[in-house]
Structures are given as C-alpha cells and as structure tokens.
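Asks: Handing you a structure now.
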Amino acid sequence: MVSRIEENIQRVRETIASAAERCGRRAEDVLLVAVTKTRTVEEMAEAVRCGVGALGENRVQELLLKREAWPADLSAEWRLIGHLQRNKARKVLPAVDAVDSLDSLELARTLGRIAEESGRSLPVLLEVNTSGEASKEGVAPEGLFPLLEGVLAECPNLSPQGLMTIGPLEGGERAVRGAFALLRTLAEGARKEFSIPLKELSMGMSGDFEWAVEEGSTMVRVGTALFGARN
Ligand SMILES: *Cc1c(COP(=O)(O)O)cnc(C)c1O
C-alpha cells in the first residue's frame, strides 16, 4: 500500500528528474529537502523512511521539540532554513547539521564562536534577498561579498557551502527565474572572488522548484507538494 506522502515524493522526484534532464543535469545533483514546518513527527518520519534524507525546519522551538520526539533508529540531516535570532543560536546548534539562513556577520560571529566551543565545523548557506521584496530575509545582493569576506576572515568554524534564496511571490515565471539566475550568478562571482567551491544553490519551493532546477538549483526545499497544504 503506497501512502500519499510516498506518492508525492515519487511525483516530486520525477519532476526534478525531468527538469534536470531538460538542461543536461543529473537528478542526483539536486537534493530534495523536505520542509516540515507544522508537520508531525510521524509525517516527517514517513518521508525519511521513503528515502528523503534531509529535513528543513523554520523555527527553533519547533525543531527542538521534534528532535526530542524523533525515533532513535532513524537518521536524517536537519537543516535550519528559517531566520535565526542570535539569542537562539546556542540552543539550536547542537540540533542541526547546517544553517541555511545565514544573513548577517553578527549572526555568523555568534554561530562561529559556539561552533568553536563545541569543536565542530558548521556548514552554512548565505541567504540572499534576490527579489528585493521587503518581507524577505537575507542580505541584499550587494551585501553578499562583504558578508562572505567577513565569514571567511573571522569565522573559521563556519564552512560556507553555497547560497540560499526564496523566489519572489509576485511577477510570475520571469521574475522567479530572474531571482534564481541572480543567485547563480552571485555564486559564480563569489567562487572566483574568494576561490572557494561554494557549490550549493538552495532555491525552489513547491510552486517553483522545476524552474529552480533548470536555473541550477542543487537543493530544493519542498513542503506542500510532499505533505499537502498547511493549515
Ligand atoms: C515554507 C518554506 C518552504 C517550502 O514551501 P512550500 O511552498 O510548502 O514548498 C521553503 N523554504 C522556506 C524558507 C520556507 O519557509
């Protein structure tokens, strides 16, 4: 008996694969991150049992509660994808494998210090506001290089793996693709400028992950298309 979540995962994977194929990319180069805000631990565990390896949570409190209730025999990668306040960094750090929403040098310094205390290197993505929408988190495109320079110079325990963005709500396909292309261009520029791989591009959600894959996404963050509409 195939569950709804399993079916949805299958469908999303097929969509990723055909988008990748259309532009000469490999489906394996696109990580499916299940976005699990408001979902139960049971739903999340089912997704992981169906082969989804990475979970994206937005809120620190919710993430911590779920990790406590998480089945001991089931392993997954936990990524924080929502805005992180500095005063919650200490609490959340032991519970996550990566922070995908790094958006200021102050936060980077705090995370870097705590990572150092616990003797680990924390993978991070730098979040860029590619749409200019005021409601969006992330550094402005022109703030990216200064932020990355600061992280590389001052935060040896942070390991920048790439960039993250949320596509615009307005403007349709053109605007969304434009935002994703901008993220890709920024990453290309940053790789040259700082001589680091900066390989990951986290972009694409339920409504636009197909376009994101065509624009070079290596990590799509999908909630609704896997678990259904949120309340
Ligand atoms: C909620 C959320 C998503 C997933 O949104 P869906 O439309 O449900 O796929 C992706 N990224 C971030 C940062 C989110 O907050």
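Coordinate-derived values only; no laboratory data. From a predicted model like this one, the values you see are computed outputs, not experimental measurements. Cβ sites come from the backbone with ideal geometry, for glycine too, and all protein chains shown count toward neighbours.
Asks: Can you give the charge dipole size of the range 134-231 about its Cα centre, rounded to the nearest 20 debye, using +1 on the beta carbon of Lys and Arg and -1 on the beta carbon of Asp and Glu? Walk me through the numbers on the way to the answer.
Replies: Working: 9 positive and 13 negative charges, 34 e Å.
Here the range 134-231 has a charge dipole of around 160 debye.
Asks: Would you work out which of P94, S75, V60 lies farthest towards the positive end of the dipole of the range 1-108, given +1 charges on the beta-carbon of Lys and Arg and -1 on that of Asp and Glu, about the Cα centre?
Replies: Farthest towards the positive pole: V60.
Asks: Grab the beta carbon distance between R120 and T40, set R0 = 30 Å, and tell me the FRET efficiency rounded to 0.05. Please list the in-between numbers first.
Replies: Values: r = 29 Å, r/R0 = 0.98.
That pair, R120 with T40, gives E of 0.55.
Asks: Shifting gears a bit: Can you tell me, using C-alpha contacts under 8 Å and at least 6 residues apart, the relative contact order of the chain as a whole percent?
Replies: On the way: 418 pairs, mean separation 45.8, N = 231.
The value is 20 percent.
Asks: Next question, about the same structure. How many angstrom separate the Cα center of the range 162-216 from the Cα center of the range 103-136?
Replies: 18
Asks: Where Rh denotes the Kirkwood radius from the mean inverse Cα pair distance, what is Rg over Rh for the range 76-178?
Replies: Values: Rg = 14.0 Å, Rh = 14.1 Å.
Result: Rg/Rh = 1.00.
Asks: Trypsin sites (Lys or Arg not before Pro) within the range 79-183: which are DSSP loop residues with at most 16 other Cβ atoms inside 10 Å? Working shown, then result.
Replies: Details: sites: R79, R86, K88, R90, K91, R109, R113, R120, K136, R174, R177; in loops: R120, K136.
Sites meeting the loop and neighbour criteria: R120.
Asks: Here's a follow-up. Taking the Cα centre as origin and putting +1 on Lys and Arg beta-carbons and -1 on Asp and Glu beta-carbons, what dipole magnitude results for the range 1-138, to the nearest 20 debye?
Replies: Values: 21 positive and 23 negative charges, 55 e Å.
About 260 debye.
Asks: Regarding the chain, what's the average projected area of the Cα-atom convex hull, expressed in nm²? Please list the in-between numbers first.
Replies: Numbers: hull surface 51.2 nm².
In nm², the orientation-averaged hull projection of the chain is 12.8.
Asks: Work out the charge dipole of the range 126-222 with +1 on the Cβ of Lys and Arg and -1 on the Cβ of Asp and Glu about the Cα centre, then indicate which of L144, P160, G172 is farthest towards its positive end.
Replies: Looking along the dipole axis, the top candidate is P160.
Asks: In percent, how large is the relative contact order of the range 67-199, given Cα pairs closer than 8 Å and 6 or more residues apart? Before the final figure, lay out the partial values.
Replies: Details: 202 pairs, mean separation 27.7, N = 133.
Relative contact order, the range 67-199: 21 percent.
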